[in-house]
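Reviewing the structure listed below.
The values are calculated or read from the model by the stated rules, or taken from the named source; none is laboratory data. Everything numeric in this text was worked out from a predicted model, so none of it was measured. Areas reflect the complete protein model, heavy atoms only, side chains present, ligands, DNA and RNA absent. Shrake-Rupley method; radii C 1.70, N 1.55, O 1.52, S 1.80 Å.
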Amino acid sequence: MSMEKENRFDLDQRKRKRMLSNRESARRSRMRKQNHLNDLVSQVGKLREDNSRISAQVKLRSEWYAAVEAENRVMRTQVMELTERLRYVSSLLRFVQAASGMVMEIPDPLLKPWQVPCPAHSIMASANFFQC
């Protein structure tokens, strides 16, 4: 019986050791899981901040674009009005020329303001122009 008690004692010892080992393993697993959850929560916060910042930038750019588009519409309307005035003045000059015999002429580039008169010159824009 002594041998039987010793074997039972060894089995109980191994069982307790395995139980403690399993508890420690479960504790480490819960810690890893909690750390992972904390990392994910932190990442969500950072992504929300990024999203807010980007949304604000998109809103700014959209407002800027709308303002520039409105300004362009005004300028196009002004170009059309001025072009029409130049054509009218040109027709008046032709009428005066026909009536008086004097040569009066508006240079052609003024009648077509949308065409660059000197294509050899490049137009430079500053990079700061596109920043808000």
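A few points about this structure:
- Mean accessible surface per residue for region 25-73, computed with a 1.4 Å probe while every protein chain stays in place, in Å²: 89
- Computed over protein heavy atoms with a 1.4 Å probe, the carbon and sulfur contribution to the accessible area of region 12-78 reaches 55%.
- Length added when fully stretched, Met3-Ser91, from 0.36 nm per residue minus Cα-Cα: 18.9 nm
- Computed on protein heavy atoms with a 1.4 Å probe, the accessible areas place Asp39, Asp10, Asp50 in the order Asp39, Asp10, Asp50, largest first.
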